[in-house]
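What follows is a single structure, written as structure tokens, with notes after it.
The values are calculated or read from the model by the stated rules, or taken from the named source; none is laboratory data. Owing to the predicted nature of the structure, the values given are computational and were not obtained by experimental measurement. Neighbour counts run over all protein chains shown; Cβ positions are idealised from the backbone, glycine included.
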């Protein structure tokens, strides 16, 4: 589906262009080794390191406790996004995404703007993947229908050639109408 979503010829009807930048969702999925939808402290360390965020062990523990809002002992994806927005360099992230950033702006406002930009990116990506899924299902239905129709098309071609041959109109043309083995079978059925 990802390839279909990025295909400029047959897919990509929503104008999706994958970002070369690693998003928090990408890092989360990469380091969620057991695919549980949550990160433990070790996985969090590697995800933050992958995102280029260096934090001390003590600060990481504080962040983990603070952003584990449900007290589960794990960080889910939404909690990870909030944590990442807190520790990343929002100015650099916005510039990397091609957003014009004022020279003087509060970190808080830049983080809020980055959060909005990333939410838009997620929405476009989800829409592109949903469209790719719909398109893949449509192609599978078409292929299944063509597979079901193929014997009927073949039988119609055999009947047409047999009827034209019986009328004496296309004996010389039968070789182009049907493959040789089908012509013999059609002729032997007469």
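Observations on the structure shown:
- Members of the range 96-134 found to be assigned to a helix (DSSP H, G or I) and in contact with a helix residue (DSSP H, G or I) (Cβ under 6 Å, 6 or more places away or on another chain), listed by number: 110, 111, 114, 115, 128, 129, 132
- Test: residue 14 is over 23 Å from residue 111 (Cα atoms), modelled with pLDDT under 85, touching a helix residue (DSSP H, G or I) at 6+ places or on another chain (Cβ under 6 Å) and in a loop (DSSP other than H, G, I, E, B): yes
- Residue 86 in the same structural domain as residue 111 (by TED's automatic domain parsing), modelled with pLDDT of 85 or more and touching a helix residue (DSSP H, G or I) at 6+ places or on another chain (Cβ under 6 Å): no
- All of (1) surrounded by 14 or more Cβ atoms within 10 Å (Cβ to Cβ); (2) more than 37 Å from the chain's Cα centre (by Cα) hold for residue 166 with one exception: (1).
- Test: residue in the range 162-174 that is modelled with pLDDT of 80 or more, outside any loop (DSSP other than H, G, I, E, B) and farther than 22 Å from residue 78 by Cβ: yes
- Residues that are surrounded by 15 or more Cβ atoms within 10 Å (Cβ to Cβ) and not in a helix (DSSP H, G or I) within the range 71-93 comprise 74, 75, 76, 88, 89, listed in sequence order.
- Some residue of the range 125-140 being in the same structural domain as residue 23 (by TED's automatic domain parsing), within 20 Å of residue 22 (Cβ to Cβ) and without any contact (Cβ under 8 Å) to a residue 40 or more places away in the chain: yes
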